[in-house]
Amino acid sequence: MPKPINVRVTTMDAELEFAIQPNTTGKQLFDQVVKTVGLREVWFFGLQYTDSKGYTTWLKLNKKVTQQDVKKENPLQFKFRAKFFPEDVSEELIQEITQKLFFLQVKEAILNDENYCPPETAVLVASYAVQAKYGDYNKDLHKPGYLASDRLLPQRVLEQHKLTKEQWEDRIQTWHEEHRSMLREDAMMEYLKIAQDLEMYGVNYFEIKNKKGTELWLGVDALGLNIYEHEDKLSPKIGFPWSEIRNISFSDKKFVIKPIDKKAPDFVFYAPRLRINKRILALCMGNHELYMRRRKPDTIEVQQMKAQAREEKHHKQMERAQLENEKKKR
(Lines give C-alpha, C1' and ligand atoms only; values in the text may rest on other atoms or scores of the structure.)
Protein backbone atom coordinates (compact mmCIF):
# COMPACT_ATOMS: atom_id res chain seq x y z
CA MET A 1 0.00 0.00 0.00
CA PRO A 2 1.38 3.43 -0.85
CA LYS A 3 1.90 5.62 2.18
CA PRO A 4 -0.97 8.12 2.76
CA ILE A 5 -0.16 11.82 2.67
CA ASN A 6 -1.33 14.08 5.50
CA VAL A 7 -3.22 17.20 4.49
CA ARG A 8 -4.40 20.11 6.62
CA VAL A 9 -7.19 22.31 5.26
CA THR A 10 -7.98 25.55 7.07
CA THR A 11 -11.42 27.04 6.48
CA MET A 12 -12.32 30.51 7.83
CA ASP A 13 -13.47 28.96 11.12
CA ALA A 14 -12.06 25.42 11.36
CA GLU A 15 -9.05 23.22 10.78
CA LEU A 16 -9.58 19.90 9.03
CA GLU A 17 -7.13 17.01 8.72
CA PHE A 18 -7.26 14.42 5.96
CA ALA A 19 -5.10 11.55 4.76
CA ILE A 20 -5.00 11.27 0.97
CA GLN A 21 -3.46 8.77 -1.42
CA PRO A 22 -0.65 9.66 -3.89
CA ASN A 23 -3.22 9.39 -6.70
CA THR A 24 -5.96 11.53 -5.05
CA THR A 25 -7.11 14.30 -7.39
CA GLY A 26 -7.78 17.91 -6.43
CA LYS A 27 -11.48 17.25 -6.96
CA GLN A 28 -11.51 14.27 -4.58
CA LEU A 29 -9.88 16.36 -1.85
CA PHE A 30 -12.19 19.32 -2.55
CA ASP A 31 -15.27 17.04 -2.39
CA GLN A 32 -14.11 15.65 0.96
CA VAL A 33 -13.76 19.19 2.32
CA VAL A 34 -17.18 20.43 1.17
CA LYS A 35 -18.84 17.28 2.48
CA THR A 36 -17.18 17.72 5.89
CA VAL A 37 -18.15 21.40 6.03
CA GLY A 38 -21.69 20.70 4.76
CA LEU A 39 -21.44 23.17 1.89
CA ARG A 40 -23.45 22.85 -1.33
CA GLU A 41 -22.64 26.11 -3.12
CA VAL A 42 -19.33 24.67 -4.22
CA TRP A 43 -18.97 26.84 -7.35
CA PHE A 44 -17.65 29.84 -5.39
CA PHE A 45 -14.84 28.01 -3.59
CA GLY A 46 -11.41 26.55 -4.15
CA LEU A 47 -8.37 25.22 -2.30
CA GLN A 48 -5.54 27.70 -2.08
CA TYR A 49 -1.92 26.83 -1.46
CA THR A 50 1.56 28.35 -1.53
CA ASP A 51 3.70 26.95 -4.33
CA SER A 52 7.42 26.17 -4.09
CA LYS A 53 8.24 29.71 -5.35
CA GLY A 54 6.16 31.31 -2.57
CA TYR A 55 3.21 32.35 -4.79
CA THR A 56 -0.37 31.81 -3.67
CA THR A 57 -2.29 29.72 -6.17
CA TRP A 58 -5.35 27.46 -6.53
CA LEU A 59 -5.35 23.68 -6.58
CA LYS A 60 -6.40 22.29 -9.98
CA LEU A 61 -9.29 19.91 -9.50
CA ASN A 62 -8.57 17.73 -12.53
CA LYS A 63 -4.97 16.91 -11.58
CA LYS A 64 -3.52 14.77 -8.80
CA VAL A 65 -2.64 16.75 -5.69
CA THR A 66 0.87 15.27 -5.69
CA GLN A 67 1.51 16.43 -9.27
CA GLN A 68 0.98 20.09 -8.34
CA ASP A 69 3.64 22.42 -7.04
CA VAL A 70 2.49 22.40 -3.38
CA LYS A 71 5.17 23.42 -0.88
CA LYS A 72 6.59 20.23 0.63
CA GLU A 73 5.47 20.12 4.27
CA ASN A 74 3.95 17.57 6.55
CA PRO A 75 1.00 17.97 6.55
CA LEU A 76 0.48 19.67 3.16
CA GLN A 77 -1.26 23.00 3.84
CA PHE A 78 -4.35 24.29 2.03
CA LYS A 79 -6.81 27.09 2.68
CA PHE A 80 -10.44 26.59 1.72
CA ARG A 81 -11.48 30.03 0.40
CA ALA A 82 -13.95 31.80 -1.86
CA LYS A 83 -12.32 31.98 -5.27
CA PHE A 84 -15.20 33.66 -7.10
CA PHE A 85 -17.49 36.35 -5.74
CA PRO A 86 -21.19 36.88 -6.45
CA GLU A 87 -22.46 40.00 -8.18
CA ASP A 88 -25.19 40.33 -5.55
CA VAL A 89 -24.72 38.57 -2.21
CA SER A 90 -28.39 38.76 -1.17
CA GLU A 91 -29.52 37.11 -4.41
CA GLU A 92 -26.83 34.48 -4.79
CA LEU A 93 -25.58 33.28 -1.40
CA ILE A 94 -28.17 30.75 -0.33
CA GLN A 95 -26.92 28.55 2.51
CA GLU A 96 -26.10 29.99 5.91
CA ILE A 97 -22.69 28.26 5.89
CA THR A 98 -21.84 29.94 2.55
CA GLN A 99 -22.89 33.35 3.88
CA LYS A 100 -20.84 32.82 7.04
CA LEU A 101 -17.66 31.78 5.15
CA PHE A 102 -17.97 34.80 2.83
CA PHE A 103 -18.61 37.10 5.79
CA LEU A 104 -15.51 35.86 7.64
CA GLN A 105 -13.29 36.07 4.54
CA VAL A 106 -14.46 39.55 3.52
CA LYS A 107 -14.16 40.79 7.12
CA GLU A 108 -10.58 39.49 7.30
CA ALA A 109 -9.70 41.26 4.03
CA ILE A 110 -11.14 44.54 5.34
CA LEU A 111 -9.34 44.27 8.71
CA ASN A 112 -6.04 43.43 6.98
CA ASP A 113 -6.59 46.37 4.63
CA GLU A 114 -6.44 44.15 1.55
CA ASN A 115 -9.85 45.59 0.78
CA TYR A 116 -9.79 49.37 1.34
CA CYS A 117 -12.69 50.58 3.48
CA PRO A 118 -13.27 54.25 4.43
CA PRO A 119 -13.48 55.02 8.19
CA GLU A 120 -17.26 55.69 8.44
CA THR A 121 -18.02 52.50 6.52
CA ALA A 122 -15.50 50.57 8.63
CA VAL A 123 -17.37 51.63 11.80
CA LEU A 124 -20.75 50.67 10.31
CA VAL A 125 -19.65 47.22 9.11
CA ALA A 126 -17.91 46.63 12.46
CA SER A 127 -21.26 47.19 14.20
CA TYR A 128 -22.86 44.46 12.04
CA ALA A 129 -19.94 42.14 12.88
CA VAL A 130 -20.60 42.89 16.58
CA GLN A 131 -24.34 42.12 16.14
CA ALA A 132 -23.39 38.84 14.42
CA LYS A 133 -21.11 37.90 17.34
CA TYR A 134 -22.99 39.20 20.41
CA GLY A 135 -26.62 39.40 19.23
CA ASP A 136 -28.72 42.32 20.51
CA TYR A 137 -27.05 45.04 22.56
CA ASN A 138 -27.98 44.67 26.22
CA LYS A 139 -26.68 47.31 28.63
CA ASP A 140 -26.69 44.85 31.56
CA LEU A 141 -24.50 42.38 29.65
CA HIS A 142 -22.52 44.70 27.41
CA LYS A 143 -20.77 46.96 29.89
CA PRO A 144 -18.28 49.62 28.68
CA GLY A 145 -15.24 47.76 27.36
CA TYR A 146 -17.21 44.75 26.10
CA LEU A 147 -15.54 45.26 22.71
CA ALA A 148 -12.03 45.77 24.12
CA SER A 149 -10.68 42.38 23.04
CA ASP A 150 -12.30 42.37 19.57
CA ARG A 151 -10.41 43.29 16.42
CA LEU A 152 -12.90 45.67 14.87
CA LEU A 153 -11.22 48.20 12.58
CA PRO A 154 -8.35 48.24 10.08
CA GLN A 155 -5.09 49.53 11.58
CA ARG A 156 -5.00 52.35 8.99
CA VAL A 157 -8.31 53.74 10.27
CA LEU A 158 -7.08 53.65 13.88
CA GLU A 159 -3.85 55.43 12.93
CA GLN A 160 -5.34 58.09 10.66
CA HIS A 161 -7.74 59.49 13.23
CA LYS A 162 -7.06 60.92 16.64
CA LEU A 163 -9.64 58.89 18.52
CA THR A 164 -8.91 56.69 21.52
CA LYS A 165 -9.76 52.99 21.45
CA GLU A 166 -12.69 53.73 23.78
CA GLN A 167 -14.06 56.44 21.46
CA TRP A 168 -14.00 54.03 18.52
CA GLU A 169 -15.75 51.36 20.61
CA ASP A 170 -18.31 53.94 21.66
CA ARG A 171 -19.11 54.78 18.02
CA ILE A 172 -19.48 51.11 17.14
CA GLN A 173 -21.68 50.52 20.18
CA THR A 174 -24.01 53.37 19.12
CA TRP A 175 -24.59 51.58 15.82
CA HIS A 176 -24.81 48.17 17.53
CA GLU A 177 -27.75 49.45 19.59
CA GLU A 178 -29.54 50.34 16.32
CA HIS A 179 -29.48 46.73 15.08
CA ARG A 180 -31.81 45.44 17.81
CA SER A 181 -33.72 42.22 16.95
CA MET A 182 -31.63 41.58 13.83
CA LEU A 183 -30.79 37.88 13.45
CA ARG A 184 -27.08 37.06 13.47
CA GLU A 185 -27.14 35.72 9.91
CA ASP A 186 -28.98 38.86 8.75
CA ALA A 187 -26.25 40.99 10.34
CA MET A 188 -23.64 39.02 8.35
CA MET A 189 -25.66 39.63 5.19
CA GLU A 190 -25.94 43.38 5.90
CA TYR A 191 -22.16 43.43 6.38
CA LEU A 192 -21.65 41.78 2.98
CA LYS A 193 -24.17 44.05 1.23
CA ILE A 194 -22.13 47.09 2.27
CA ALA A 195 -18.77 45.41 1.62
CA GLN A 196 -19.70 44.36 -1.93
CA ASP A 197 -19.88 48.04 -2.93
CA LEU A 198 -16.25 48.69 -1.91
CA GLU A 199 -13.97 49.19 -4.91
CA MET A 200 -11.55 46.38 -4.07
CA TYR A 201 -14.19 43.80 -3.08
CA GLY A 202 -13.85 40.52 -4.98
CA VAL A 203 -11.05 41.76 -7.26
CA ASN A 204 -8.00 39.58 -7.95
CA TYR A 205 -5.05 41.87 -8.70
CA PHE A 206 -2.06 40.92 -10.85
CA GLU A 207 1.05 43.01 -11.49
CA ILE A 208 1.46 43.51 -15.23
CA LYS A 209 3.30 45.80 -17.67
CA ASN A 210 2.06 47.36 -20.91
CA LYS A 211 4.02 47.38 -24.18
CA LYS A 212 6.00 50.43 -23.00
CA GLY A 213 7.03 48.64 -19.81
CA THR A 214 4.84 50.79 -17.51
CA GLU A 215 3.87 48.92 -14.34
CA LEU A 216 0.09 48.46 -14.00
CA TRP A 217 -2.42 46.26 -12.19
CA LEU A 218 -4.88 43.92 -13.88
CA GLY A 219 -8.03 43.30 -11.84
CA VAL A 220 -10.22 40.26 -12.53
CA ASP A 221 -13.68 40.19 -10.95
CA ALA A 222 -17.26 38.96 -11.41
CA LEU A 223 -18.06 41.56 -14.07
CA GLY A 224 -14.92 41.63 -16.22
CA LEU A 225 -11.34 42.88 -16.46
CA ASN A 226 -10.01 46.25 -15.34
CA ILE A 227 -6.64 47.95 -15.79
CA TYR A 228 -5.36 50.18 -12.96
CA GLU A 229 -2.39 52.50 -12.63
CA HIS A 230 0.23 51.16 -10.24
CA GLU A 231 -0.48 53.77 -7.53
CA ASP A 232 -4.26 53.40 -7.56
CA LYS A 233 -6.06 50.10 -7.10
CA LEU A 234 -9.41 51.82 -6.50
CA SER A 235 -10.35 53.49 -9.79
CA PRO A 236 -9.68 51.59 -13.01
CA LYS A 237 -8.32 53.43 -16.04
CA ILE A 238 -9.80 51.00 -18.58
CA GLY A 239 -12.58 48.47 -18.14
CA PHE A 240 -13.51 45.41 -20.22
CA PRO A 241 -16.89 43.98 -19.16
CA TRP A 242 -17.28 40.27 -20.04
CA SER A 243 -20.07 41.17 -22.47
CA GLU A 244 -17.63 43.30 -24.52
CA ILE A 245 -14.75 40.82 -24.73
CA ARG A 246 -14.58 38.57 -27.79
CA ASN A 247 -11.52 36.59 -26.84
CA ILE A 248 -8.66 36.42 -24.36
CA SER A 249 -5.48 34.48 -24.98
CA PHE A 250 -1.82 34.38 -24.07
CA SER A 251 1.42 33.20 -25.50
CA ASP A 252 4.21 32.85 -22.96
CA LYS A 253 4.25 36.15 -20.97
CA LYS A 254 2.16 38.12 -23.48
CA PHE A 255 -1.60 38.38 -22.85
CA VAL A 256 -4.12 39.71 -25.39
CA ILE A 257 -7.69 40.97 -24.80
CA LYS A 258 -9.71 41.23 -28.04
CA PRO A 259 -12.85 43.41 -27.77
CA ILE A 260 -16.09 42.43 -29.56
CA ASP A 261 -15.98 45.78 -31.38
CA LYS A 262 -13.61 44.91 -34.24
CA LYS A 263 -12.70 48.59 -34.72
CA ALA A 264 -11.38 48.81 -31.15
CA PRO A 265 -7.69 47.92 -30.75
CA ASP A 266 -6.60 44.77 -28.93
CA PHE A 267 -5.24 45.37 -25.44
CA VAL A 268 -1.87 43.70 -24.91
CA PHE A 269 0.00 43.35 -21.63
CA TYR A 270 2.84 41.28 -20.21
CA ALA A 271 2.85 39.22 -17.01
CA PRO A 272 6.09 38.50 -15.11
CA ARG A 273 5.90 34.76 -15.89
CA LEU A 274 3.93 32.22 -17.87
CA ARG A 275 2.35 30.61 -14.81
CA ILE A 276 0.76 33.98 -13.88
CA ASN A 277 -0.88 34.17 -17.31
CA LYS A 278 -2.26 30.66 -16.79
CA ARG A 279 -3.74 31.79 -13.45
CA ILE A 280 -5.23 34.92 -15.00
CA LEU A 281 -6.85 32.91 -17.78
CA ALA A 282 -8.26 30.31 -15.34
CA LEU A 283 -9.82 33.09 -13.20
CA CYS A 284 -11.25 34.76 -16.31
CA MET A 285 -12.83 31.52 -17.45
CA GLY A 286 -14.32 30.74 -14.03
CA ASN A 287 -15.73 34.25 -13.59
CA HIS A 288 -17.10 34.34 -17.12
CA GLU A 289 -18.81 30.98 -16.64
CA LEU A 290 -20.56 32.22 -13.47
CA TYR A 291 -21.44 35.49 -15.23
CA MET A 292 -23.22 33.52 -17.99
CA ARG A 293 -24.86 31.19 -15.51
CA ARG A 294 -26.40 34.10 -13.56
CA ARG A 295 -28.11 35.23 -16.72
CA LYS A 296 -29.93 31.90 -17.15
CA PRO A 297 -32.79 30.47 -15.05
CA ASP A 298 -31.72 28.71 -11.83
CA THR A 299 -31.02 24.99 -12.09
CA ILE A 300 -33.38 22.61 -10.24
CA GLU A 301 -30.69 22.09 -7.57
CA VAL A 302 -30.42 25.84 -6.90
CA GLN A 303 -34.23 26.24 -6.87
CA GLN A 304 -34.45 23.48 -4.24
CA MET A 305 -31.67 25.04 -2.17
CA LYS A 306 -33.41 28.43 -2.22
CA ALA A 307 -36.75 26.90 -1.20
CA GLN A 308 -35.09 25.00 1.67
CA ALA A 309 -33.27 28.15 2.83
CA ARG A 310 -36.54 30.16 2.82
CA GLU A 311 -38.24 27.46 4.86
CA GLU A 312 -35.41 27.36 7.43
CA LYS A 313 -35.40 31.14 7.71
CA HIS A 314 -39.17 31.27 8.21
CA HIS A 315 -38.86 28.59 10.92
CA LYS A 316 -36.15 30.62 12.69
CA GLN A 317 -38.21 33.81 12.58
CA MET A 318 -41.22 31.97 14.05
CA GLU A 319 -39.05 30.56 16.86
CA ARG A 320 -37.63 34.00 17.54
CA ALA A 321 -41.10 35.63 17.66
CA GLN A 322 -42.27 32.92 20.07
CA LEU A 323 -39.28 33.59 22.35
CA GLU A 324 -39.94 37.34 22.31
CA ASN A 325 -43.60 36.71 23.25
CA GLU A 326 -42.64 34.48 26.15
CA LYS A 327 -40.17 37.12 27.39
CA LYS A 328 -42.93 39.75 27.35
CA LYS A 329 -45.28 37.49 29.33
CA ARG A 330 -42.68 37.17 32.09
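The values are calculated or read from the model by the stated rules, or taken from the named source; none is laboratory data. What you see is a predicted model; the values in this text were computed from it and never measured. FYI the Cβ positions are ideal-geometry reconstructions off the backbone, even for glycines, and counts take in every protein chain you see. Accessible surface areas use protein heavy atoms only, side chains included; no ligands, DNA or RNA. Shrake-Rupley method; radii C 1.70, N 1.55, O 1.52, S 1.80 Å.
So in region 268-324, with the set limited to residues that are hydrophobic (A, V, I, L, M, F, W, C) and outside any helix (DSSP H, G or I), which one is surrounded by the fewest Cβ atoms within 10 Å (Cβ to Cβ)?
The selected residue is 268.
Considering only residues that are farther than 20 Å from residue 110 by Cα and of a type in the set (Asp, Glu), which ones fall in region 171-209?
177, 178, 207
In region 33-75, what residues are in contact (Cβ under 8 Å) with a residue 40 or more places away in the chain, assigned to a strand (DSSP E or B) and out of contact with any Ser or Thr (no Cβ under 9 Å at 6 or more places or on another chain)?
Selection gives 58 alone.
Take residue 232 and tell me if it is open to solvent by 40 Å² or more (accessible area, probe 1.4 Å) and of a type in the set (Asp, Glu).
On the way: open to solvent by 40 Å² or more (accessible area, probe 1.4 Å): yes; of a type in the set (Asp, Glu): yes.
Yes, satisfied.
Among the residues of region 214-222, is any touching a strand residue (DSSP E or B) at 6+ places or on another chain (Cβ under 6 Å), touching a residue at least 24 places away in the same chain (Cβ under 8 Å), open to solvent by 30 Å² or more (accessible area, probe 1.4 Å) and over 30 Å from residue 134 (Cβ atoms)?
Scanning region 214-222 turns up no residue that is touching a strand residue (DSSP E or B) at 6+ places or on another chain (Cβ under 6 Å), touching a residue at least 24 places away in the same chain (Cβ under 8 Å), open to solvent by 30 Å² or more (accessible area, probe 1.4 Å) and over 30 Å from residue 134 (Cβ atoms).
Does region 130-139 contain any residue that is over 30 Å from residue 300 (Cα atoms), in contact with a helix residue (DSSP H, G or I) (Cβ under 7 Å, 6 or more places away or on another chain) and surrounded by fewer than 22 Cβ atoms within 10 Å (Cβ to Cβ)? Talk me through it step by step, then tell me what you get.
To start, the set of residues in region 130-139 that are over 30 Å from residue 300 (Cα atoms) comprises 130-139.
If we keep only those that are in contact with a helix residue (DSSP H, G or I) (Cβ under 7 Å, 6 or more places away or on another chain) as well, we get 130-132, 135, 137.
Adding the requirement that they be surrounded by fewer than 22 Cβ atoms within 10 Å (Cβ to Cβ) leaves 135, 137.
Checked region 130-139: at least one residue is over 30 Å from residue 300 (Cα atoms), in contact with a helix residue (DSSP H, G or I) (Cβ under 7 Å, 6 or more places away or on another chain) and surrounded by fewer than 22 Cβ atoms within 10 Å (Cβ to Cβ).
Would you say residue 91 is open to solvent by 60 Å² or more (accessible area, probe 1.4 Å) and within 28 Å of residue 183 (Cβ to Cβ)?
Numbers: open to solvent by 60 Å² or more (accessible area, probe 1.4 Å): yes; within 28 Å of residue 183 (Cβ to Cβ): yes.
Against the criterion (open to solvent by 60 Å² or more (accessible area, probe 1.4 Å) and within 28 Å of residue 183 (Cβ to Cβ)), residue 91 qualifies.
Provide a single number: the residues in region 146-162 that are in a loop (DSSP other than H, G, I, E, B) and loosely packed, with under 15 Cβ neighbours inside 10 Å.
6
Select, from 78, 30, the only residue that is under 14 Å from residue 18 (Cβ atoms), open to solvent by less than 60 Å² (accessible area, probe 1.4 Å) and in a helix (DSSP H, G or I).
The unique qualifying residue is 30.
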